[in-house]
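Everything on this sheet refers to the single structure shown next.
Every number in this text was worked out from the coordinates using simple rules, so none of it is lab data. Bear in mind that the values here come from a model prediction, so they are computed numbers and not experimental data. Quick reminder, even Gly has a Cβ in these numbers, built from the backbone with ideal geometry, and neighbours come from all protein chains shown.
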Amino acid sequence: MSPDEVLVTCADAALTFGRGTQAVVAVHGANLEIGSGDRLAVVGPSGSGKSSLLHLLAGLEQATSGTVRRAAFLGPYDIGLVFQGDSLIPALNVVENTALPLVLADRPESEAQQAALAALTLVDAADLADRLPEEISGGQAQRVAVARVLAQSPRLILADEPTGRLDHTTGGRVLDALLTAADHTGAALVVTTHDPAVAARFTTRRAMRDGRLLAPEEVP
Ligand SMILES: Nc1ncnc2c1ncn2[C@@H]1O[C@H](COP(=O)(O)OP(=O)(O)OP(=O)(O)O)[C@@H](O)[C@H]1O
C-alpha cells in the first residue's frame, strides 16, 4: 500500500478506562492499518472491545498508550460514523438529519437535500423523510444513521453494529447499501459485528477477544 492510500494506522494502540483497581483495558496494544478501499469486519463477543477500537480509529478516544495516526489529508467530513444507539437530532426531521453533514460542509441546500433523499432510498427509508426521530423505530433510526453517512460520501466509514437492531432482510439491505456506496466512492469500510453472516461479506475479518485484536484472517 502506498503511503497516500493509508488512512489510519494503529501502532500498539491501547485504551484503558479508569485507574488502579478500577482500570478496564478495553483495547490491548492493537496494530492495524486501514487503507483506501479496505473492507474490514471486526468481530467479537459483547465487551470484547470492538466499539472501543472503532472509537480509537475515529479519534473519539485518545490512545492511553501507543499511537493512532490518521492521514493528514483526511478532513473532518472524510470520516463518516455510524454509532450504536440514537444519534439523530430530535428537532430535525429524517431528511434534515440525513442532509446535516452536507449542510455543515456548506454544500447548497438543494444538493444536500437531493443527496439525502438518494441515500435514504438506498436504505429503504425515503418514505420516512418528513418524520421526526421520535416518530420512527430504533431500527429505522439505525437506517437513517447509515443514510446520513452515505450522503456524506466520506473516505472512511466506521460503523458500529450497523445491522445490530435490524431483522435479517433489512440488515442485509443496509449492508448492501454500505458496501455498494463504499465500492462506488472507493471509501474504506470498517464495521463491528457479532454476526458471522455480516462478517462473511467482508474481505478481511479481525476477531477481538478480551480487548485483544487477533491476527488477521484474509479471505480470498
Ligand atoms: N466509558 C467506559 N468506561 C469504562 N469502561 C468502559 C467504557 N466503555 C467501554 N468500557 C469497557 O470496555 C470493554 C470493551 O467495551 P466495548 O464497548 O468496546 O465492547 P464491544 O465489543 O463493543 O461490546 P458490544 O458488542 O456489547 O457493544 C468492556 O469491558 C466495557 O465494559
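Structure above, values below:
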read-out	value
Share of pairwise Cα separations in the chain, more than 20 Å, in percent	57
Sequence-distant residues sharing a close amide H with ARG206 (under 5 Å, placed H)	ALA41, VAL42, VAL43
J(HN,Hα) series, region 134-144, from Karplus relation 6.51 cos²θ - 1.76 cosθ + 1.60, nearest Hz, glycine and proline x	5, 9, 10, 7, x, x, 5, 4, 5, 5, 5
Förster radius 25 Å - calculated FRET efficiency between ASN31 and THR180 (Cβ-Cβ, nearest 0.05)	0.25
